[in-house]
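Values in this text are rule-based calculations from the coordinates and carry no lab data. Not measured: the values here are computed from a predicted model. When we count neighbours, we look across all protein chains shown, and the Cβ atoms used for this are built from the backbone with ideal geometry, even at glycine.
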There are 2 protein chains.
Amino acid sequence: MTSNQPLFRALADPTRRDILLMLRGTDMTIAQVADNFDMTRAAVKKHLTVLSDGGLITVRTQGRERYNTLNPSAFAPIRDWLGFFDAFWDDRLSDLKSAIEKDTK
Amino acid sequence: MTSNQPLFRALADPTRRDILLMLRGTDMTIAQVADNFDMTRAAVKKHLTVLSDGGLITVRTQGRERYNTLNPSAFAPIRDWLGFFDAFWDDRLSDLKSAIEKDTK
DNA sequence: TTGACGTGATACCATTTGGTATCATATCAA
DNA sequence: TTGATATGATACCAAATGGTATCACGTCAA
């Protein structure tokens, strides 16, 4: 089973989550992303590396620029993981349902 | 708007994610949770505090024991946040659809 | 060719994080 | 009461993390 630790880790930082929202619909260079934050380009670049490690973005080189693109399909493992708790939730619901049915008998 | 940083942060650690899975269906004391990991009770207790800060578990005191209970509804903000990217994904799909329709004319 | 520009890479720093060890406190049971 | 048990709380430590500053390198434009 593949480790999704890099994915969860990438989502743990608010700056990185903002970058992801920012990349919806538009690819951006490192400098463009950095313009939206009050920190150095180097710091933003580090965040982009973490996002890339988590598979959440892909990078395309074009001349001397590097365009960062959102990869929405990378969220799938998170949805899968959340599903483990849906099952539990359903169990509790069916328990409740049984209890109610037994009660109305 | 409420910050969901404590929630995302709580999910960033693999031990904590394991604890959550472990708590599906059964409430457990701190000692019981700690028995399942190769670390001290104090370390596990710290993780439980972070999970509690994220709203992912609730704690019920019973005598000298403290039972930790999973709170599945705490995942809702994460699903909501993921939804922001569903919209983007749908846009890309409809773009693709339009392109195909235009092409088959 | 020559700068200016966009980026990569490295060293460095302060803070946070995950962990241990240790002691104090409250509760259960004999 | 007395001792074992379950937990709380604190101090401490190493490593990871988020940030800066700085320099090197490839690329574009004049």
Under Karplus coefficients 6.51, -1.76 and 1.60, residue-wise ³J(HN,Hα) of segment B:42-49 in Hz, glycine/proline x: 4, 5, 4, 4, 4, 4, 5, 5
Cα-based Kirkwood hydrodynamic radius, segment A:1-45, one decimal, Å: 11.6 Å
Compactness of segment A:1-79 as Cα Rg over 2.2 N^0.38 Å, two decimals: 1.05
Cβ-defined net charge surrounding B:ARG66, 11 Å radius [Lys, Arg +1; Asp, Glu -1]: +1
